[in-house]
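Student: Below is a structure I'd like to ask you about.
The values are calculated or read from the model by the stated rules, or taken from the named source; none is laboratory data. All figures in this text were calculated on a predicted structure; none of them were measured in a lab. Note that each Cβ is placed from the backbone with ideal geometry, even for glycine, and that neighbours are counted across all protein chains shown.
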Amino acid sequence: MALYHFFIIIIASIIHVIGETLYKSGSEEFFLQNNSSVSIKSVNGLITNIFNFIFKKIIFLSIMFSILAKLLFAISLMVINLSVASPIYLSLISIFSLVIGYIKFSEQINFMKIIGLFAIVIGTILVSVY
């Protein structure tokens, strides 16, 4: 198991967070354009709304980013144990999401979130090493 395998996990988690960020932005935009609600008066209306949502460029791009992230993660699982790779991947997603949430969406970072991140990092190290 080489260092570049862990680099693949890092890249996968960054791509995952980019996909989730695009999804959040696209969802907010979609619901703002549709008066904060989606009409579900009939099955056809529901299907139309689902297709309009999924094939909105930013949502479709977010889905592609998520698929790419999962493919990269799957590649890393070929050589890294799931019990090691998964905690690393998920903890990196938590860290990157916190940073992107703060930068892009002006989400607040408080003391408890920082303590939680430290707990995640310590737990990940313990799981990965022992």
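Student: If I ask for residues that are outside any helix (DSSP H, G or I) and in contact (Cβ under 8 Å) with a residue 24 or more places away in the chain, which ones from region 74-114 would you list?
Tutor: VAL79, ILE80
Student: Sticking with this one: So LEU32 passes all but one of these: (1) closer than 24 Å to TYR102 by Cβ; (2) at pLDDT 80 or above. Which condition number does it fail?
Tutor: (2)
Student: Does region 44-78 hold any residues that are over 18 Å from THR21 (Cβ atoms) and either touching a Lys or Arg at 6+ places or on another chain (Cβ under 8 Å) or not aliphatic (A, V, I, L, M) (or both), and which are they?
Tutor: The answer is ASN44, GLY45, THR48, ASN49, PHE51, ASN52, PHE55, SER76.
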